[in-house]
Amino acid sequence: MILLDRVTKNYNKRGTALKSISLHVEPKEFVIIVGPSGAGKSTLLKLLTREEKPTSGKIIVGGIDYETLKDRKIPLLRRKIGVVFQDFKLLANKNVYENVSFALEVVGMGNKEIARTIPKVLDIVGLTGKELSYPSELSGGERQRVAIARAIARQPKILIADEPTGNLDADHAWDVIRVLEKINKYGTTVILTTHNQEIVNKLKRRVITIRDGQVVSDKAGGKYK
C-alpha cells in the first residue's frame, strides 16, 4: 500500500528534513508515527500527499509510483488519501451537512449520491442528528469528528490523521481515536501522528519513531517514551 525506499528530503536553507527513510505500510494497517517537533513527521506526510517531492528515493502509494506521477493526476491521487488536521479546518458559515457536502461537491459528486453518502459517514463518526448544527455549536471533539467525516466521505484507501487530538481534552481525544479505530476496521489504512503518550501506549499499535529525520524505531505494539 505505502512504500518509501531510501527517501531523502533536503530543504536548501533549513537543511535535511528526512534522511534515507525506508518504510512499508500494509493495506488496512493502523500505524502511529511519533517523534519530537522538527523530527520530520510533517515532511513525511507532505510527501505522501504530494505536497512536497523527495530529493531522492522512491515513493509508491496504492500502486502509484510518485516518480512518474503527472501533475494532472495529483487530484486523483489525493482522492485516495483523506487528511485530518489538528485545527479542524471547518467552514464556520456552513452546518455539519454542508461542510461534508462541500468536500463531495468539489470532486463532482451529484446531489443524490451526496444525500446517500452523508448520513452513512455521520453515523460512522457518531454525529447522526447533528446535521444542522454549526461548528460554533459543537464541542472540539465533535468538530474533529466532522472533519473526519469530511475526510472519509470519498472513501479514501488511506486516512492521515495529523495530531487530530492535539486541541482536545482527554475524553474528546478518545472519542476521536475510537472513530479512527472504527474506520480502520472498515478497511481503511490509518496513519496517526501524535505527541500523546497515553494514546500511543494504550492503543498498542505499530509505532514508528522518527528523530532528526531518521526512523530510529519501528515496533509492533510499541510504546512512546
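Based on every Cα atom in the stretch 91-155, Rg and the maximum pairwise Cα distance Dmax equal 10.6, 30 Å. Taking every DSSP helix (H) stretch of at least 4 residues in the chain, weighting each as -39,500 (n - 2.57) and dividing the sum by the residue count yields a mean residue ellipticity at 222 nm of -10000 deg cm²/dmol.
Each of LEU122, ILE160, LEU69 was placed along the dipole of the chain (beta-carbon charges, centred on the mean Cα), and the one lying farthest toward the positive end is LEU69.
Ranked by the mean number of other Cβ atoms within 10 Å of their residues, highest first, the peptides 145-154, 115-124 fall in the order 145-154, 115-124. Placing R0 at 35 angstrom, the Cβ-Cβ distance between ASN93 and LYS73 gives a FRET efficiency of 0.60 after rounding to 0.05.
With the alpha-carbon atoms of the stretch 114-225 aligned to their principal axes, the span from lowest to highest coordinate is 45, 28, 23 Å, starting with the largest. Cross-link partners for LYS130 among the lysines, with Cα-Cα distance under 19 Å and sequence neighbours closer than 8 places in the same chain left out: LYS89, LYS94, LYS120. With the gyration tensor restricted to C-alpha atoms of the chain, the semi-axes of the equivalent ellipsoid amount to 29, 21, 15 Å, longest first.
Computed over the stretch 159-225, the percent of Cα pairs more than 19 Å apart is 31. For LYS204, a cut-off of 18 angstrom between C-alpha atoms picks up these lysines, skipping any fewer than 8 places away in its own chain: LYS28, LYS182, LYS185, LYS219, LYS223, LYS225.
The phi-based Karplus calculation (6.51 cos²θ - 1.76 cosθ + 1.60; θ = phi - 60°) puts the 3J(HN,Hα) values of the stretch 174-185 at 5, 4, 5, 4, 5, 5, 4, 5, 5, 4, 4, 5 Hz, whole numbers, x for Gly and Pro. Just need the relative contact order of the stretch 91-155 here, percent rounded to a whole number, with Cα pairs under 8 Å and 6+ apart. Computed over the stretch 91-155, the figure is 51 percent. Cut-off 19 Å, label point 7 angstrom out along Cα-to-Cβ of GLN214: give me the residues of the stretch 25-48 whose amide nitrogen falls inside. Once the point is set 7 Å along Cα→Cβ of GLN214, 34-44 turn out to lie under 19 Å by backbone N, inside the stretch 25-48.
Since every read-out is calculated from the coordinates, none of them should be taken as a lab result. These figures come from a predicted structure and were not determined experimentally. Heads up, the Cβs are rebuilt from the backbone with ideal geometry, glycines too, and the neighbour counts pull from every protein chain shown.
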